[in-house]
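Peer 1: Would you mind keeping the following structure in view while I ask a few things?
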Amino acid sequence: MTAGDRHDVIVVGAGLAGSLVAKHLGDRGRRVLVLEAGTRTLDTWPGHLDALNTYYAALAKVPNAPYRPNAAAPSPDVLDLEGLPSGGYRAHGYFLQDGPLPYASDYLRACGGTTLHWMGLVPRMHPDDFAVRADYGYGRDWPLGYADLEPHYRAAEHALGAAGDADEQREAIGLPFPPGYAYPMRAIPRSHLDRLLAARLDGVPLRETPDGPGTVLRVVTTPHARNGTPDPRHDHYRPAGATGLPNYGERCVGNASCVPICPVQAKYDARKTQAAWSHRVTLRARAVVNRVLVAGDGRVLGVEYQRYDDPAAPAHTTRTAEADVVVLAAHAVENARLLLLSGLANSSDQVGRNLMDHPTLLTWGLLNRPVGPFRGPGSTSGLECFRTGPARRARAPFRVEIANWGWSWPTGAPASDVARLLGIGAEPGAPRGAGLFGTALRETLGHEVGRQLCLQFAMEQDAESRNRVTLDPRHRDALGNPRPVLTYDLSEHVKRGIAAARAVSARLFALLGADDRTAYAPGPAAPGWYRFEGRDYVFQGAGHAAGTHVMGDSPATSVVDPWQRCWDHPNLYAVGCGSMPSVGTSNPSLTMAALALRSAEAVDRDLAELRRPLVVRQPGGSS
Amino acid sequence: MDTQHPATTAHEPPGAPPECAGFVELSVRLTGFDEFDLRGTGMVRLYHDTTLEQLGRAAVGRFLDDLAAAGGDPGALADEVSRDIARAITHLWYLGVWPSLARATHAALGRGTPNTAFVVSPEAWTEGLAWRTFHGHPPGARPPGFGTWADPPPGTPDRAAGDVA
Amino acid sequence: MTAAAPLRAVLPEPPFRVPRDRADLQMFLQAALTLEHLTIPPYLTAMHTLRAGTNRPAFFVIRSVVLEEMLHMTLVANLLNAVGGRPLVAHSRFVSAYPARLPFSRDDVTVALRHFGVEALETFLAVERPAYVAEPPGHPSVREDDGWTSVGQFYRTIREGVLRLADRLGERELFRGDPARQVGPGDFYNSGGEVFPVTDLASALTALRVITEQGEGADRTVFDSDDRLFGEARQPAHYFRFEEILRQRSYGPHDTPATGPSGPALAVTWHDVHPIDPAARAADYPPGGEVRRAADRFDDVYALLLCVLERAFTGDPGALRRTVPTMLELRDLAGWLCRNPHPDPEKRARGLFASPTYEITDSRLARARSEPAG
């Protein structure tokens, strides 16, 4: 260890949470070393264009399609899962899986992290979401509430450049905002499809079951971390441009590819925060941290990391770096993996447990008129009325996203439609249909795809200790580190939520006059298939891993304290969605960002405390 | 379909037909898009060459004969191999992807290449015709501009009444 | 290239003097607005003739310049509105026929719609060439001149006029235009600066500074002043950005106009273009044909773009957002045209492709004006 490798803070992971923590501390004069396992090729404009070309040339346009594989820091991919013909699944790739159902989400290990391929939706959590155990009898409670987090929500919305309508969020969902609050940018315009749905659904009462609780439907605009029109009420916010090319990256032009890549970088990603880091923040990429170093008194000294040059070659050198505070911000699964590898922070036996996602049910159908699919951001509005309420006791709550991209998620449209109309089936050995050609093909395709409607029901998943990340030393990655083992299932509570969502969807389609084409069956593309109460379902992963270093108010039952500080190690923080005891129904990145900014303040206070000169007070003297 | 590569496209004898005229003509019949649309993609030469590479001259020749015998109507193609070739070329135009052929077609042609689907080039994806059938654009390319997703799609009754974001 | 003598449109130049009163200044600013637009069709044509997926560095350079020209147009319109004028955009007099003679220039520079290549870039250099010595009319150093010598001199003259009139009329009186007509940053940012309202002498001078320094560089350096004016990365001014492409080498941070670019190489593949006829007219394309229909449609959409721009500049600033979808439709139409072989067999044999011809007539504008915004 060299003297030069001593820092105030080491941040592990250059994704959303780590980049925000590093920015906050660097701006306050702290010397920060950020260690990123992946590469930073995408920081450059040629790297960005290469990712775009890789995406264009990829046969399966999955979230990680634009980003080149990295054997030294592998990432899970949604293509790793294969459904079996009569149910069940097989897992290939980075994750090992041994649960009844597959953990079906991916993430990305690269500079910028999963924000490179995220959708960029930034709804806040509902105040009810923080006490689900106390109020609704399931899952785990937060040691803090909405009011504690509210100022940091605002800070996060500023940092990410969120576009939204606070008045609508307050009125339609019941989210508290300070009076007069305006998002940095005005709400992203609703899609034509949103407007069609609003015209038919707004104000309509709906009951899930004849004797069940009722709600009133309303299509509500979703907040985005996406460049739109700055709101002058928000102190003349100046949107952040693209990284890698000066003076580029204006507002969203509707590329309709937020997942997996925004060609103009109108969507926020962590590279924008990194571009604004002070010179006190040092980024070291291709540095895989595999051990947190700890002293006998429980204080951490620094980290050990593996530096590699060639992502394809299993060769590296091992180095160490020291700091007063270490912040793990490597993703929920990777944070847990690193704590388990280091044998740290686990006196509660909760490290790796409580793994959550937003298990998502897709339903799809055809409207009776063109809806203009495959335009604009992936979703611009949703139905928020199933997010909370008494029904929550009986079944998981959910948020309904109106999908702007047709049936692309459930069926792979429109490519699957082209193949089908040409008579090309999924099975190359099977005889092919006659097929349509010429004008008939063109008109039929346009007529069908142009009316595609898809709804996405994102369930809150309750924390369960059996859903967990462990390590298997028999299976290692290219650098010799044990690969994560995922053990995952859906609770009865979630399955009842999914069944309720299916019923709600049927009612919505009936109200819309839509031809419901939803069908669930086991098969290669349906690893998330299961049966519940005599019906088939297929759930999807949302990429929202959480819970693996859960936050609580007691060292006996949780991994981190309300500041995301490990109970067992006073100068080790684990930040990210892994700290969340419950995930509500909101896309979690904004909440993660708010938590990260709140923790950055705590780290700064810790450092100030460490550096406070010792004052020897005279007895009886004035203070 | 011409099967000769001109050394360069820039200097053809006066009066020569445009590049790959035969391929474009049959592609018009397969896709339902006109010559201007097909040439506008800039993909004519690449798709012509890809088709020849994937199928070989002999198979393409038989396909052309079959299509002529069917009166130029791909829907009337009787031979299953030729029909599968028609599917493949159309698939290529609509998605920029050369598809897997039917296993029987693959065997009948005695192809030496693997029977796997592939995107012909990054630009091929961005020039797919499928998106135009419903007034869309390929994701990640040809974006229509901020707020355009709020407008009704062209050619719908909602269009005239649509407000502007 | 063709037998017919090339058409040479000439934009009207204001007299060679410092603007004397408000009306004079408005006339100068309208000429500036027209001049800023003159360069946009040639730049767009160079962009649209690049083969898809090739020459990306050159593509992004030209794109960045086009966006800054749009910024300049909008700033000039703001300035013209600020001094009580009414920008004229949707008018055939606003759009030059091409090839055109570059106004305000001592040299005889022809501005044509050419495909990307050396010839086009040399024209762009002539348009953007810095003019360090040209003082406004009346200055002892230009006593011998009887006409404009450079675009830079023309802008310097406008600046001098603004200063004198602000002094004579008083700042508040000079800038008495309706502030509601000013276009703000909400709809234009991150593209080599942002639009800002012009309401007083300081903002007027900043607007003129943006226009001249982005074009020819600040303080006789290679670089513009985006860092100081907008907190963005500074970049080489337009002249030097085009020179980078032509010389296939970037400017380094310590390079000067005298040293030329000595930074990293910039790859250009000159053959990855669709060559076009710089004298093309829509009438060259057979009536009823697909190419002709597309060329006509292009001109219709361009006319619509000008109408939307005029609306944005004359009381409805929010209309500016509608220009982007229109520009993007033009991008598609131009791309399709430029990949279609020229319908004329003789031109096709020479490897020429069709192209947009920018024939924006008053009847076309009248039709566009009656269309709804979308």
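Peer 1: Provide the gained length on full extension for the span C:Asp167 to C:Asp107, in nm with one decimal, where the gain is 0.36 nm per separating residue minus the Cα-Cα distance.
Peer 2: In short, 18.2 nm is gained.
Peer 1: Which semi-axes, in whole Å and largest first, does the equivalent ellipsoid of the stretch A:429-474 have when worked out from the alpha carbon gyration tensor as the square roots of 5 times its eigenvalues?
Peer 2: Gyration-tensor ellipsoid for the stretch A:429-474: 46, 21, 8 Å.
Peer 1: Using the Cα atoms of the stretch A:471-623 to build a convex hull, what is its mean projected area in square nanometres? Please report the intermediate quantities before stating the final value.
Peer 2: Details: hull surface 69.8 nm².
Across all orientations, the stretch A:471-623 yields a mean hull projection of 17.4 nm².
Peer 1: Continuing with this model, one more query. Give me Rg/Rg_expected for the stretch C:278-323, where Rg uses Cα atoms only and Rg_expected = 2.2 N^0.38 Å with N residues.
Peer 2: Compactness ratio reported: 1.52.
Peer 1: Whole-Å semi-axes of chain A's equivalent ellipsoid, largest first, each the root of 5 times a Cα gyration tensor eigenvalue?
Peer 2: Working: eigenvalues 310, 150, 124 Å².
Working through the eigenvalues yields semi-axes of 39, 27, 25 Å.
Peer 1: Tell me, what is the percent relative contact order of chain C, built from C-alpha pairs under 8 Å that lie six or more residues apart?
Peer 2: Contact order relative to length: 20 percent.
Peer 1: Normalised by the number of residues in chain A, what is the relative contact order in percent for Cα pairs under 8 Å and 6+ residues apart?
Peer 2: Values: 1517 pairs, mean separation 139.8, N = 623.
Result for chain A is 22 percent.
Peer 1: What FRET efficiency would be calculated for the residue pair A:Arg476, A:Ala430, taking the C-beta separation as r and a Förster radius of 56 Å, to the nearest 0.05? Write out the running numbers ahead of the final one.
Peer 2: Working: r = 40 Å, r/R0 = 0.72.
With R0 = 56 Å, the Cβ-Cβ based efficiency is 0.90.
Peer 1: Okay, next question. Quick one: plug the Kirkwood hydrodynamic radius of the stretch C:244-333 (C-alpha pairs) into Stokes-Einstein at 10 °C, 1.306 mPa s, and report D in µm²/s.
Peer 2: Approximately 93 µm²/s, per Stokes-Einstein.
Peer 1: Cα gyration tensor of the stretch A:549-598, axes a ≥ b ≥ c as square roots of the eigenvalues: rounded (a/c below 1.5), prolate (a/b > b/c) or oblate?
Peer 2: Numbers: a/c = 2.86, a/b = 1.56, b/c = 1.83.
Taking the square roots of the gyration eigenvalues as a ≥ b ≥ c, the stretch A:549-598 is oblate.
Peer 1: Here is a further query. Take the alpha-carbon positions of the stretch A:319-393, form their convex hull, and give its projected area averaged over all directions (one quarter of the hull surface) in nm².
Peer 2: The directionally averaged projection comes out at 11.1 nm².
Peer 1: So, one more: PRE reach from A:Leu144 (point 7 Å along Cα→Cβ): which of the stretch A:554-575 fall under 18 Å by backbone N?
Peer 2: Those under the cut-off are A:554-555, A:558-575.
Peer 1: Okay, next question. What span do the alpha-carbon atoms of the stretch C:28-68 cover on each of the three principal axes, reported in whole Å from largest to smallest?
Peer 2: 41, 15, 8
Peer 1: Using mean Cβ contacts within 10 Å as the protection proxy, how do C:273-286, C:98-111 order, highest first?
Peer 2: Final packing ranking: C:273-286, C:98-111.
Peer 1: Still on this structure, please answer the following. Using Cα atoms only, what is the angle between the long axis of helix C:290-313 and the major principal axis of chain C, expressed in degrees (0 to 90) to the nearest 10?
Peer 2: Tilt relative to chain C: about 10 degrees.
Peer 1: Could you give the radius of gyration (one decimal) and Dmax (whole number) of the Cα atoms in the stretch A:228-275, in Å?
Peer 2: Calculated on Cα positions, Rg and Dmax stand at 11.3, 32 Å.
Peer 1: To the nearest 500 deg cm²/dmol, what mean residue ellipticity at 222 nm is calculated for chain A from DSSP H runs of n ≥ 4 alone, each contributing -39,500 (n - 2.57), summed and divided by the residues?
Peer 2: Result for chain A, helices only: -7500 deg cm²/dmol.
Peer 1: Next question. Within 10 Å of each Cβ in peptide A:446-459, how many partner chain Cβ atoms are there on average? Round it to a whole number, please.
Peer 2: Values: counts 10, 2, 2, 5, 7, 1, 1, 0, 0, 0, 0, 0, 0, 0.
Rounded to a whole number, the mean comes out at 2.
Peer 1: Of all the Cα-Cα pairs you can form in the stretch B:43-165, what percent are over 23 Å apart?
Peer 2: Here the tail beyond 23 Å accounts for 44 percent of pairs.
Peer 1: With a cap of 13 neighbouring Cβ atoms within 10 Å, and only residues DSSP puts in a loop, list the trypsin sites (Lys or Arg not before Pro) found in the stretch A:554-623.
Peer 2: Listed in order of number, the matching sites are A:Arg617.
Peer 1: Want the number for C:Ala23 to C:Ala202: 0.36 nm per residue separation, take away the alpha-carbon distance, what's left?
Peer 2: Between C:Ala23 and C:Ala202, full extension yields 62.4 nm more.
Peer 1: Here's something else I'd like to know. Per-residue mean of other chain beta-carbon atoms within 10 angstrom of the beta-carbon, peptide C:316-329?
Peer 2: The mean count of partner-chain Cβ atoms within 10 Å per residue comes to 4.
Peer 1: Expressed as a rounded percentage, what relative contact order does the stretch A:414-472 have, with Cα pairs under 8 Å and six or more residues apart?
Peer 2: Numbers: 26 pairs, mean separation 15.3, N = 59.
Dividing the mean separation by the residue count of the stretch A:414-472 yields 26 percent.
Peer 1: What's the angle, to the nearest 10 degrees (0 to 90), between helix C:238-247's Cα axis and the longest principal axis of chain C?
Peer 2: 40
Peer 1: With label points built 7 Å along Cα→Cβ from the Cα atoms of A:Arg90 and C:Arg281, find their separation and express it in nm.
Peer 2: 6.9
Peer 1: Suppose each label sits 7 Å from its Cα in the direction of the beta carbon; what would the B:Arg45-A:Asp167 distance come out to in nanometres?
Peer 2: The modelled label-to-label distance comes out at 5.8 nm.
Peer 1: Restricting to Cα atoms and excluding each atom paired with itself, what does the Kirkwood estimate give for the stretch A:399-441 in Å?
Peer 2: This gives a value of 11.9 Å.
Peer 1: To the nearest whole number, what is the average tally of beta carbon atoms from other chains within 10 Å of the beta carbons of peptide A:363-375?
Peer 2: Values: counts 0, 0, 0, 0, 0, 0, 5, 10, 5, 13, 5, 10, 13.
Rounded to a whole number, the mean comes out at 5.
Peer 1: Give me the Å³ per residue figure for the convex hull around the C-alpha atoms of the stretch A:1-57.
Peer 2: Cα-based convex hull of the stretch A:1-57, divided per residue, equals 113 Å³.
Peer 1: While we're looking at this one, here's another question. Can you give me the Rg/Rh ratio for the stretch C:44-114, using Cα atoms for both radii and the Kirkwood formula for Rh?
Peer 2: On the way: Rg = 15.4 Å, Rh = 14.7 Å.
Here the Rg-to-Rh quotient is 1.05.
Peer 1: Right, something else. Put a dot 7 Å past each Cα toward the Cβ at A:Arg531 and A:Arg299; how far apart are the dots in nm?
Peer 2: With each label placed 7 Å out from Cα toward Cβ, I get 6.0 nm.
Peer 1: For the protein assembly as shown, would you read off the P(r) tail past 47 Å as a percentage of all alpha carbon pairs?
Peer 2: 36
Peer 1: Moving to a separate point now. In chain C, what is the volume of the convex hull around the alpha carbon atoms, normalised per residue and reported in Å³?
Peer 2: Taking the convex hull of the Cα positions in chain C, it is 138 Å³ per residue.
Peer 1: Same structure again: Averaged over all directions, how much area does the convex hull of the C-alpha atoms of the stretch A:361-427 cover when projected, in nm²?
Peer 2: 6.6
Peer 1: Also, quick follow-up: Just the number: Rg to Rh for the stretch A:259-371, Cα atoms, Kirkwood Rh, two decimals.
Peer 2: When Rh is taken as the Kirkwood radius, the ratio is 1.11.
Peer 1: Beyond 20 Å, what share of the Cα-Cα pairs of the stretch A:20-140 is found? Please give it as a whole percent. Write out the running numbers ahead of the final one.
Peer 2: Details: 4542 of 7260 pairs.
Tail of P(r) above 20 Å: 63 percent of Cα pairs.
Peer 1: Once the other residues with Cβ under 10 Å from the Cβ of C:Arg228 are scored (Lys, Arg +1; Asp, Glu -1), what is the net sum? Don't skip to the answer; put the middle values down first.
Peer 2: Numbers: positive: C:Arg209, C:Arg234; negative: C:Glu213, C:Asp224, C:Asp226, C:Asp227, C:Glu232.
Local net charge: -3.
Peer 1: Grab every C-alpha pair in the stretch A:293-355, bin the distances at 5 angstrom width from 0 up to the longest one, and report whole percents.
Peer 2: Once binned at 5 Å, the Cα pair distances of the stretch A:293-355 give 4, 14, 21, 24, 19, 11, 6, 2.
Any read-out appearing in this document is the output of simple, stated calculations on the displayed coordinates, not a laboratory observation. Please read these numbers as outputs of a predicted model, since none were measured by experiment. Note that each Cβ is placed from the backbone with ideal geometry, even for glycine, and that neighbours are counted across all protein chains shown.
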